[in-house]
1. Just a yes or no: is a residue in the stretch 95-106 under 17 Å from the mean Cα position of the chain (by Cα) and either in the same structural domain as residue 169 (by TED's automatic domain parsing) or within 30 Å of residue 25 (Cβ to Cβ) (or both)?
2. Assuming residue 78 fulfils every condition listed in (1) modelled with pLDDT under 95; (2) in contact with a helix residue (DSSP H, G or I) (Cβ under 7 Å, 6 or more places away or on another chain); (3) farther than 15 Å from residue 24 by Cβ apart from one, which condition is it?
3. Just give me the residues in the stretch 47-56 being exposed (fewer than 15 other Cβ atoms within 10 Å of the Cβ) and in a helix (DSSP H, G or I), in sequence order.
4. Just checking, how many residues over the stretch 115-136 are surrounded by fewer than 22 Cβ atoms within 10 Å (Cβ to Cβ), assigned to a helix (DSSP H, G or I) and at pLDDT 95 or above?
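The values are calculated or read from the model by the stated rules, or taken from the named source; none is laboratory data. Quantities reported herein were computed from a predicted structural model and do not represent experimental measurements. Ideal geometry is used to build each Cβ from the backbone, glycine not excepted, and the neighbour counts take in all protein chains shown.
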(Lines give C-alpha, C1' and ligand atoms only; values in the text may rest on other atoms or scores of the structure.)
Protein backbone atom coordinates (compact mmCIF):
# COMPACT_ATOMS: atom_id res chain seq x y z
CA UNK A 1 0.00 0.00 0.00
CA UNK A 2 1.42 3.38 -1.02
CA UNK A 3 1.88 6.07 1.60
CA UNK A 4 -0.51 8.98 1.37
CA UNK A 5 1.07 12.06 -0.19
CA UNK A 6 -0.34 14.47 2.36
CA UNK A 7 1.73 17.38 1.15
CA UNK A 8 0.19 17.11 -2.31
CA UNK A 9 -3.31 16.60 -0.91
CA UNK A 10 -3.07 19.61 1.39
CA UNK A 11 -1.80 21.79 -1.44
CA UNK A 12 -4.64 20.62 -3.66
CA UNK A 13 -7.19 21.62 -1.02
CA UNK A 14 -5.46 24.99 -0.65
CA UNK A 15 -5.56 25.79 -4.36
CA UNK A 16 -8.54 23.93 -5.76
CA UNK A 17 -11.24 24.24 -3.11
CA UNK A 18 -11.53 28.05 -3.32
CA UNK A 19 -11.32 27.84 -7.12
CA UNK A 20 -13.94 25.15 -7.63
CA UNK A 21 -16.41 26.25 -4.96
CA UNK A 22 -19.03 28.75 -6.15
CA UNK A 23 -18.34 31.16 -3.27
CA UNK A 24 -16.04 29.54 -0.73
CA UNK A 25 -15.23 32.77 1.13
CA UNK A 26 -18.81 33.98 1.53
CA UNK A 27 -18.47 33.69 5.32
CA UNK A 28 -15.47 36.06 5.29
CA UNK A 29 -13.27 33.10 6.18
CA UNK A 30 -10.38 33.70 3.77
CA UNK A 31 -7.78 34.61 6.39
CA UNK A 32 -8.84 31.76 8.69
CA UNK A 33 -8.79 29.24 5.83
CA UNK A 34 -5.26 30.10 4.68
CA UNK A 35 -3.96 30.34 8.24
CA UNK A 36 -5.24 26.85 9.09
CA UNK A 37 -4.20 25.18 5.83
CA UNK A 38 -0.71 26.73 5.91
CA UNK A 39 -0.22 25.63 9.53
CA UNK A 40 -1.31 22.11 8.61
CA UNK A 41 1.16 22.08 5.70
CA UNK A 42 3.95 22.84 8.17
CA UNK A 43 2.89 20.37 10.87
CA UNK A 44 1.37 17.33 9.14
CA UNK A 45 4.63 15.33 9.22
CA UNK A 46 4.34 15.22 13.03
CA UNK A 47 0.68 14.13 13.01
CA UNK A 48 -1.03 10.77 12.55
CA UNK A 49 -3.62 10.11 9.85
CA UNK A 50 -6.61 10.76 12.10
CA UNK A 51 -5.19 14.08 13.26
CA UNK A 52 -4.52 15.22 9.68
CA UNK A 53 -8.00 14.26 8.50
CA UNK A 54 -9.67 16.08 11.39
CA UNK A 55 -7.57 19.19 10.76
CA UNK A 56 -8.58 19.11 7.09
CA UNK A 57 -12.18 18.91 8.28
CA UNK A 58 -11.61 22.03 10.39
CA UNK A 59 -10.11 23.81 7.39
CA UNK A 60 -13.04 22.97 5.13
CA UNK A 61 -15.56 23.83 7.85
CA UNK A 62 -14.37 27.45 7.85
CA UNK A 63 -16.60 27.97 4.80
CA UNK A 64 -19.71 27.33 6.92
CA UNK A 65 -21.25 25.40 4.03
CA UNK A 66 -22.99 22.19 5.10
CA UNK A 67 -22.73 20.85 1.55
CA UNK A 68 -18.92 21.10 1.50
CA UNK A 69 -17.32 18.68 3.93
CA UNK A 70 -14.60 16.10 4.47
CA UNK A 71 -15.97 12.56 4.59
CA UNK A 72 -14.74 11.41 7.97
CA UNK A 73 -13.83 7.82 8.93
CA UNK A 74 -16.58 6.15 10.93
CA UNK A 75 -15.37 2.58 11.42
CA UNK A 76 -16.12 2.17 15.13
CA UNK A 77 -18.87 3.43 17.40
CA UNK A 78 -19.67 3.44 21.08
CA UNK A 79 -22.27 0.77 21.99
CA UNK A 80 -24.93 3.36 22.70
CA UNK A 81 -27.02 6.21 21.36
CA UNK A 82 -27.30 9.63 22.93
CA UNK A 83 -28.93 12.98 22.31
CA UNK A 84 -28.01 16.56 23.31
CA UNK A 85 -31.09 17.72 25.19
CA UNK A 86 -31.28 21.18 26.77
CA UNK A 87 -30.60 19.52 30.15
CA UNK A 88 -27.48 17.74 28.89
CA UNK A 89 -26.21 14.82 26.80
CA UNK A 90 -28.34 11.79 27.71
CA UNK A 91 -27.88 8.15 26.74
CA UNK A 92 -31.08 7.03 25.02
CA UNK A 93 -30.17 3.42 24.13
CA UNK A 94 -27.45 0.87 24.89
CA UNK A 95 -26.48 -2.72 24.27
CA UNK A 96 -26.92 -5.31 27.02
CA UNK A 97 -23.37 -4.90 28.35
CA UNK A 98 -23.92 -1.21 29.06
CA UNK A 99 -27.60 -1.20 30.00
CA UNK A 100 -26.72 0.37 33.35
CA UNK A 101 -25.97 3.57 31.41
CA UNK A 102 -29.46 3.90 29.95
CA UNK A 103 -31.01 7.32 30.58
CA UNK A 104 -27.92 8.63 32.39
CA UNK A 105 -26.36 11.99 31.56
CA UNK A 106 -22.83 11.98 30.16
CA UNK A 107 -20.60 14.36 32.14
CA UNK A 108 -17.24 13.41 30.65
CA UNK A 109 -15.82 11.31 27.83
CA UNK A 110 -12.49 10.26 29.31
CA UNK A 111 -11.12 13.56 30.71
CA UNK A 112 -13.09 15.77 28.31
CA UNK A 113 -16.19 17.44 29.70
CA UNK A 114 -19.26 17.26 27.49
CA UNK A 115 -19.27 21.00 26.76
CA UNK A 116 -15.65 20.85 25.58
CA UNK A 117 -16.47 17.82 23.42
CA UNK A 118 -19.28 19.81 21.79
CA UNK A 119 -16.82 22.60 20.94
CA UNK A 120 -14.27 20.21 19.43
CA UNK A 121 -16.92 18.52 17.29
CA UNK A 122 -18.52 21.78 16.20
CA UNK A 123 -15.17 22.78 14.67
CA UNK A 124 -15.28 19.86 12.22
CA UNK A 125 -18.98 20.06 11.33
CA UNK A 126 -19.59 22.40 8.36
CA UNK A 127 -22.75 24.30 9.22
CA UNK A 128 -24.73 27.44 8.56
CA UNK A 129 -26.60 27.31 11.86
CA UNK A 130 -26.67 25.62 15.26
CA UNK A 131 -29.53 23.32 14.29
CA UNK A 132 -27.32 21.51 11.77
CA UNK A 133 -24.69 20.99 14.47
CA UNK A 134 -27.30 19.53 16.82
CA UNK A 135 -28.51 17.16 14.10
CA UNK A 136 -24.95 15.90 13.51
CA UNK A 137 -23.80 15.61 17.13
CA UNK A 138 -25.62 12.35 18.02
CA UNK A 139 -23.71 10.38 15.36
CA UNK A 140 -20.39 12.24 15.73
CA UNK A 141 -20.14 11.99 19.51
CA UNK A 142 -20.45 8.19 19.49
CA UNK A 143 -17.98 7.73 16.61
CA UNK A 144 -14.73 6.45 18.09
CA UNK A 145 -12.67 7.45 15.03
CA UNK A 146 -13.82 11.06 15.38
CA UNK A 147 -13.44 11.10 19.16
CA UNK A 148 -9.86 9.86 18.79
CA UNK A 149 -8.99 12.16 15.88
CA UNK A 150 -10.20 15.26 17.71
CA UNK A 151 -8.33 14.34 20.89
CA UNK A 152 -11.44 13.78 22.99
CA UNK A 153 -10.20 10.26 23.76
CA UNK A 154 -6.68 8.83 23.83
CA UNK A 155 -7.47 5.11 23.89
CA UNK A 156 -9.81 3.98 21.08
CA UNK A 157 -10.12 0.46 22.47
CA UNK A 158 -11.56 1.32 25.90
CA UNK A 159 -13.44 4.54 26.59
CA UNK A 160 -14.21 5.67 30.12
CA UNK A 161 -17.47 7.60 30.49
CA UNK A 162 -18.41 9.60 33.56
CA UNK A 163 -22.19 9.70 33.85
CA UNK A 164 -24.84 10.88 36.27
CA UNK A 165 -27.99 8.93 37.10
CA UNK A 166 -31.44 10.34 37.87
CA UNK A 167 -30.54 10.51 41.57
CA UNK A 168 -27.63 12.83 40.86
CA UNK A 169 -24.99 10.17 41.57
CA UNK A 170 -21.95 10.26 39.26
CA UNK A 171 -20.01 7.12 38.35
CA UNK A 172 -17.54 5.87 35.74
CA UNK A 173 -18.17 3.11 33.22
CA UNK A 174 -15.80 1.66 30.62
CA UNK A 175 -17.22 0.79 27.21
CA UNK A 176 -15.64 -1.00 24.27
CA UNK A 177 -16.44 0.11 20.74
CA UNK A 178 -18.40 -1.83 18.15
CA UNK A 179 -17.48 -2.11 14.50
CA UNK A 180 -19.77 0.05 12.39
CA UNK A 181 -21.55 -2.95 10.81
CA UNK A 182 -22.13 -4.52 14.23
CA UNK A 183 -23.57 -1.22 15.46
CA UNK A 184 -25.92 -1.06 12.47
CA UNK A 185 -27.08 -4.64 13.07
CA UNK A 186 -27.78 -3.72 16.69
CA UNK A 187 -29.94 -0.79 15.55
CA UNK A 188 -32.74 -1.78 17.85
CA UNK A 189 -30.89 -1.12 21.12
CA UNK A 190 -34.29 -0.13 22.41
CA UNK A 191 -37.41 -1.81 21.09
CA UNK A 192 -39.09 1.43 20.07
CA UNK A 193 -36.99 3.78 17.95
CA UNK A 194 -37.77 7.50 17.84
CA UNK A 195 -39.45 8.60 14.61
CA UNK A 196 -36.35 10.27 13.21
CA UNK A 197 -34.45 6.95 13.47
CA UNK A 198 -37.14 4.85 11.76
CA UNK A 199 -37.20 3.88 8.07
CA UNK A 200 -33.63 5.07 7.56
CA UNK A 201 -33.45 3.32 4.18
CA UNK A 202 -36.16 5.64 2.83
CA UNK A 203 -35.32 9.13 1.60
CA UNK A 204 -38.69 10.54 2.63
CA UNK A 205 -41.77 9.19 4.34
CA UNK A 206 -44.70 10.33 6.46
CA UNK A 207 -47.00 9.08 9.21
CA UNK A 208 -50.40 10.31 10.38
CA UNK A 209 -51.29 9.62 14.01
CA UNK A 210 -54.15 11.18 15.99
CA UNK A 211 -54.46 14.00 13.50
CA UNK A 212 -50.74 14.85 13.63
CA UNK A 213 -48.76 14.49 10.40
CA UNK A 214 -45.08 13.62 10.77
CA UNK A 215 -42.90 14.10 7.67
CA UNK A 216 -39.33 12.82 7.49
CA UNK A 217 -37.18 14.15 4.62
CA UNK A 218 -33.76 12.51 4.77
CA UNK A 219 -32.35 13.07 1.29
CA UNK A 220 -33.14 15.22 -1.72
CA UNK A 221 -33.11 12.25 -4.11
CA UNK A 222 -35.62 10.25 -6.08
CA UNK A 223 -36.83 6.91 -4.71
CA UNK A 224 -37.76 4.19 -7.18
CA UNK A 225 -41.14 3.68 -5.53
CA UNK A 226 -42.06 7.31 -4.87
CA UNK A 227 -41.11 10.49 -6.68
CA UNK A 228 -40.05 13.56 -4.72
CA UNK A 229 -42.08 15.71 -7.13
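1. yes
2. If we test residue 78 against (1) modelled with pLDDT under 95; (2) in contact with a helix residue (DSSP H, G or I) (Cβ under 7 Å, 6 or more places away or on another chain); (3) farther than 15 Å from residue 24 by Cβ, just (1) comes out false.
3. 49 - this is the single residue of the stretch 47-56 that is exposed (fewer than 15 other Cβ atoms within 10 Å of the Cβ) and in a helix (DSSP H, G or I).
4. 7
Each row is one residue, and each column tells you yes or no for (1) touching a helix residue (DSSP H, G or I) at 6+ places or on another chain (Cβ under 8 Å); (2) in contact (Cβ under 8 Å) with a residue 12 or more places away in the chain; (3) assigned to a loop (DSSP other than H, G, I, E, B).
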residue: 148; (1), (2), (3): yes, yes, no
residue: 151; (1), (2), (3): yes, yes, yes
residue: 163; (1), (2), (3): yes, yes, no
residue: 167; (1), (2), (3): no, no, yes
residue: 173; (1), (2), (3): yes, yes, no
residue: 184; (1), (2), (3): no, no, no
residue: 213; (1), (2), (3): no, no, no
residue: 227; (1), (2), (3): no, no, yes
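Yes or no, residue by residue, for (1) outside the structural domain of residue 146 (by TED's automatic domain parsing); (2) crowded, with 18+ Cβ neighbours inside 10 Å; (3) in a loop (DSSP other than H, G, I, E, B); (4) in contact (Cβ under 8 Å) with a residue 40 or more places away in the chain:
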| residue | (1), (2), (3), (4) |
| --- | --- |
| 15 | yes, no, no, no |
| 23 | yes, no, yes, no |
| 26 | yes, no, yes, no |
| 33 | yes, yes, no, no |
| 42 | yes, no, no, no |
| 45 | yes, no, no, no |
